[in-house]
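Everything below concerns the one structure shown next.
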Amino acid sequence: MHTTVLLILILPLALAAFNGLMGLFVPAYRKNEWLIGGLGTLAVAIPFVLTVKLFLGFHGEAEVVHFFTWMAAGDLQIEFAYRIDQLSLVMTLVVTGVGALIHLYSIGYMHGDSGYWRFFAYLNLFIFAMLNLVLAENLLVLFLGWEGVGLCSYLLIGFWYTDLKNSAAANKAFIVNRIGDFAFLLAMFVIFAVVTGKTDGAFGLDFTTLLAPETLGLFGAGTLLAVALLFFVGATGKSAQIPLFVWLPDAMAGPTPVSALIHAATMVTSGLYLLARLSPMVLMAPTAMTIIAIVGALTAIMAATIAITQNDIKRVLAYSTVSQLGYMFLAAGVGAYFVAIFHVMTHAFFKACLFLGSGSVIHGMHEVEHELEHKGFLGSHGKSEEEDPLMAVELPYEGKFDAQDMRTMGGLKRFMPLTRWTFLIATLAIAGIPPLAGFFSKDEILFKAFELGYNGHVWSYFVWIIGLVTAVLTAIYMTRAYLLTFEGTPRWPDAMDTKPHESPWTMTVPLVVLAALSVVGGFVGLPAVLGGSEIHHFLVHDGHGPVAEPHHEFHVPVAIEWGLLFLGLAIAAGGVLFAWFVIRWGSRGPEADTSVKRFFGPLYGTFSRKYSVDEIYQKWVVNPVVNSARKIFAPFDESAVDGAVNGVAKLVQGIALRLRGIQTGVVQHYALALVLGVVVVLALMLLG
Amino acid sequence: MELALNWYLSLSAVLFVIGVLGVLLRRNAIVIFLSIELMLNAANLALVAFSQTFGDVNGQVLVFFVMSVAAAEVAVGLAIIIALFRNKETVNVNEINLFRG
């Protein structure tokens, strides 16, 4: 056990260091793409195999693996310890499994990039940090991972840092996350202040002590609410919820495998993991739960309405991720933590598949772009289109050719069949078509929201309805993305002679595996009427597992449960069919957006402007901070702080200038001082 | 006849004070130097007087030490004064104020 956990953790770290240092100091090493990529992939694949071994040998008893004491000071004793239980095993399986596939995919996707070694070093470091996060036994080690994934996210968003836009996106992600991290820290301080000194022995913020009923009893209702909300604010930063979701869409500036791994499958779900891990605590703060559910629901619908208006394929997926994360928080808020984790898992499968599929599409479209440039259609090699008007081509939108814009795509199914099928499966999965994975997890979330409403919490019905509307929107915008990309006719210039090709096997194999998981992944969480949820049994374990759940007095009648199941099916299928056959994005192309515009009227503008959240933050947060820095703090620094420092120096100088007069340089004056000193001492001796 | 210890000590004190005043008041570096020698010898006189009165030779041994150190000091001191004179063309200590702050 000890060795296995050590290996799981140390392999990604060691290979990150190896690839990073070799790449940094041995320029010849950077050319060995297969070696770098192979080692990087193995560093995640081997931990995956080891985790599977742990998982198969797991008997329902949580185990804590101690390595060493990190710090000890008075009542605080932080251990470097890791926890193997149902929850951390599920998360580790997802992180290493999906992570290994994405590493494999990156071998092909990053081919030819000058920062190949750097990419794999960062990616492995990310896996290490993420494993720290999900395996940690105490809050501080978890926080170490929490910050680690934030750092890697920053490094990878700004991977192509020569473009200022990417660096700005990286900074945005980092700074917005700081707000959440600050709340996380405060929550830890509050917990430490409440608990320390009241338990046997030193307290190390460890989950075993913290989540024991007697420890939780130490908290007052107000303190619990504060702690739960602070952790939730921390989670809104990392998991991109209102109000801190703005960084995630911009984070798409990073390479696509990064979007798939960090900004869809793993890191952004760490907020959910945190809430699930602390579920016994959060459950005791019902007000916090309500807030979490409502924020989640609002985020879900807000991001879904934005996603329907976006043209950049990765941005659609980014907003879709925000929306699905909203679903998960909705689930957490209605007390269905195990469903949140279930949705984390299924979402990791289909969203990673979608992102990797979009990466494959972008890969193909880049090929088209290069070919068009070569033929002179795009006026590259320093010649702009104005200088060479004869060669300029009509694009379906204003501006430059953009390999990520769905308006230039269309008809890709002929050129990239594997990508198309996997993308279609993942699209249907996220839309919630049975028996694909998304249907079961999403349906369970909605059912849990309904169940809570049924048990007398009327606000939960409101959340449930928002969830239903979001489900329709999800089906529509994802079908739109699929149709615009793969169906219809090609819309890029010179489409008759310029054709993209299917991606290499390293990229398609992960797609196929993830698509397969998107198909079967849902069966671990069947609804009660269809035989009961395996993952519920595993995680909750009749109240002995790591994930707590509220007690419901009333059970929803079986008939209603069946009804809700069919309602979910109808909504998902209705959305997909509506987008496919009524709005017809496939045959009409981007033109079809006008139908949506007409339907939403003036609201459409609000959606496509992303509710102007960035602008509002710019106006009410960023500008005031910058202005007050310029107008108050800069003068304060220059006059008060610098003044104090310079003043002390001037004072010393002034005193010294006067004192130096004593030093006349005449030896006899010194001698006189000496003699006078002797006389004084003698006088004191004789008189005293 | 034996003179009382007080007489020796008084002479020593007078000589010492003359030396001190010479160091403090005279401007010529060579005279200051002579005054320092005078102080040393005043101290020697006191040492010898004590030695004779108490019958302890240690005092006289110490005098020899003082004499040899004084000889060495004379050699170094005169060299310094010569060097100073070469630099400044004067032995007036009022005009030598290299230490001024």
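With no solvent and one equal point scatterer per Cα, compute the Debye intensity ratio I(q)/I(0) for chain B at 0.12, 0.16, 0.22 Å⁻¹ and report its log10, rounded to two decimals.
At q = 0.12, 0.16, 0.22 Å⁻¹ the computed log10 ratios are -0.51, -0.77, -1.11.
Return the Rg/Rh ratio of the protein assembly as shown with Cα-based radii and a Kirkwood Rh.
Computed over Cα atoms, the ratio is 1.30.
As a test of the formula, what do you get for the protein assembly as shown when each DSSP H run with n ≥ 4 contributes -39,500 (n - 2.57) and the sum is divided by the residue count, at 222 nm and rounded to the nearest 500 deg cm²/dmol?
Calculated at 222 nm, the ellipticity per residue is -22000 deg cm²/dmol.
For chain A, what proportion of DSSP beta bridges, expressed in % and rounded to the nearest 5, is antiparallel?
For chain A, the DSSP antiparallel bridge percentage is about 95.
Tell me, in nm to one decimal, what length is gained between A:L35 and A:N623 on full extension, where the rule is 0.36 nm per residue of separation less the Cα-Cα distance?
Length gained, A:L35 through A:N623: 206.9 nm.
Whole number in Å², please: accessible area per residue of the range B:5-92, 1.4 Å probe, ligands, DNA and RNA not counted.
64
Report, by chain and number, residues whose modeled amide H sits under 5 Å from the one on A:S533, excluding near sequence neighbours (fewer than 5 apart, same chain).
Result for A:S533 returns nothing.
Enter the buried accessible area of the A/B pair, total of both sides, probe 1.4 Å, in Å² rounded to the nearest 100.
For chain A against chain B, roughly 900 Å² becomes buried.
Among B:L24, B:Q60, B:A4, whose Cα sits farthest toward the positive end of the charge dipole of chain B (+1 at Cβ of Lys/Arg, -1 at Cβ of Asp/Glu, about the Cα centre)?
Toward the positive end, the furthest listed residue is B:L24.
With a ≥ b ≥ c the root eigenvalues of the C-alpha gyration tensor of the range A:486-639, is it rounded (a/c under 1.5), prolate (a/b larger than b/c) or oblate?
Note, shape of the range A:486-639 comes out oblate.
Can you tell me how much longer the chain between A:T69 and A:A168 gets when fully stretched, taken as 0.36 nm per residue apart minus their C-alpha distance, in nm with one decimal?
31.8 nm
With the calculation restricted to Cα positions, what are the radius of gyration and Dmax of the range A:195-325 in angstrom?
Rg, Dmax (Cα atoms, Å): 17.4, 58.
Can you tell me the FRET efficiency between A:A634 and A:A193 if r is taken as the Cβ-Cβ distance and R0 is 41 Å, rounded to the nearest 0.05?
0.70
Obtain the nm distance between the two label points defined at A:R178 and B:Q60 by a simple spin-label model: each point lies 7 Å from its Cα along the Cα-to-C-beta direction.
Placing both labels 7 Å along Cα→Cβ, they lie 8.7 nm apart.
Which one of A:F636, A:V626, A:V680 is farthest out on the positive end of the charge dipole of the range A:614-687, using unit charges on Cβ (Lys, Arg +1; Asp, Glu -1) and the Cα centre as origin?
A:V680
When you look at the Cβ of every residue in A:669-678, what mean number of other chain Cβ atoms sits within 10 Å?
2
What ³J(HN,Hα) values, in whole Hz, does the Karplus curve 6.51 cos²θ - 1.76 cosθ + 1.60 give for the range A:568-585 when θ = phi - 60°, with x put for Gly and Pro?
x, 4, 4, 5, 5, 5, x, x, 5, 5, 4, 5, 7, 10, 9, 7, 6, 5
Can you give the net charge of the other residues whose Cβ lies under 12 Å from the Cβ of A:A579, counting K and R as +1 and D and E as -1?
Neighbour charge sum, excluding A:A579 itself: +1.
With θ taken as phi - 60° and the coefficients 6.51, -1.76 and 1.60, list the Karplus ³J(HN,Hα) couplings across the range B:82-92 in order, rounded to whole Hz; mark glycine and proline as x.
Along the range B:82-92, the couplings run 5, 4, 4, 5, 4, 6, 9, 6, 7, 10, 7 Hz.
Above 13 angstrom, tally the Cα pairs of the range A:24-71 and express them as a % of all pairs, no decimals.
Tail fraction, whole percent: 73.
Between the range A:606-620 and the range A:281-341, what's the alpha-carbon centroid distance in Å?
Rounded to whole Å, the Cα centres lie 19 Å apart.
Which is farthest toward the positive dipole end of the protein assembly as shown among A:P546, A:G647, A:A235, measuring Cα position about the Cα centre, with Cβ charges +1 (Lys, Arg) and -1 (Asp, Glu)?
A:G647
For the full complex of protein chains and a 1.4 angstrom probe, list A:I191, A:I242 by accessible area with the highest value first.
Per-residue accessible area, sorted high to low, gives A:I242, A:I191.
For chain B, what is the relative contact order in percent, using Cα pairs closer than 8 Å and at least 6 residues apart in sequence?
27
Tell me, what is the 1.4 Å probe accessible area of A:C152, in Å² to the nearest 10?
0
What does the net charge come to around A:V666 if you take all other residues with beta carbon closer than 11 Å to its beta carbon, with K and R at +1 and D and E at -1?
Here the count lands on +1.
Is the shape of the range A:454-568 best called rounded, prolate or oblate, per the rule: a/c under 1.5 gives rounded, else a/b larger than b/c gives prolate, else oblate, with a ≥ b ≥ c the square roots of the Cα gyration tensor eigenvalues?
Here the range A:454-568 falls in the prolate category.
If DNA, RNA and ligands are ignored and the probe is 1.4 Å, what is the ranking of A:M302, A:M281 by accessible area, most exposed first?
If we order A:M302, A:M281 from most to least accessible, we get A:M302, A:M281.
Could you tell me the center-to-center distance, by alpha carbons, between the range B:33-76 and the range A:642-688 in angstrom?
With the range B:33-76 and the range A:642-688 each reduced to a Cα centre, they are spaced 33 Å.
Can you bin the range A:1-119 into rounded, prolate or oblate? Criterion: square roots of the alpha carbon gyration tensor eigenvalues sorted a ≥ b ≥ c, rounded for a/c under 1.5, prolate for a/b above b/c, oblate for the rest.
oblate
Once phi is turned into ³J(HN,Hα) by the Karplus curve 6.51 cos²θ - 1.76 cosθ + 1.60 with θ = phi - 60°, what whole-Hz value does each residue of the range A:594-609 show in order, with x for glycine and proline?
4, 4, 5, 4, 5, 5, 8, x, x, 4, 4, x, 4, 4, 6, 7
Cα centroids of the range A:459-513 and the range A:344-381: how far apart, whole angstrom?
13
Amide H of A:F80 versus every other amide H placed in the peptide plane: which residues, excluding those fewer than 5 positions away on the same chain, fall under 5 Å?
Amide H to amide H, under 5 Å and 5 or more residues apart or across chains, A:F80 pairs with A:F67, A:F68, A:T69, A:W70.
How do A:R630, A:R315 stack up against each other in accessible area, from largest to smallest, with a 1.4 angstrom probe?
A:R630, A:R315
For chain A, what's the relative contact order in percent, using C-alpha pairs closer than 8 Å and at least 6 residues apart?
12
Once every Cα of the range A:614-687 carries one equal point scatterer and solvent is ignored, give the base-10 log of I(q)/I(0) from the Debye formula at q = 0.15, 0.21 Å⁻¹, two decimals.
Per q value, in the given order, log10 I(q)/I(0) is -0.77, -0.94.
The values are calculated or read from the model by the stated rules, or taken from the named source; none is laboratory data. If you're wondering where the values come from, they're calculated on a predicted model, not measured in any experiment. Note that each Cβ is placed from the backbone with ideal geometry, even for glycine, and that neighbours are counted across all protein chains shown. All accessible areas refer to the heavy atoms of the entire protein, side chains included, with ligands and DNA or RNA removed. Shrake-Rupley method; radii C 1.70, N 1.55, O 1.52, S 1.80 Å.
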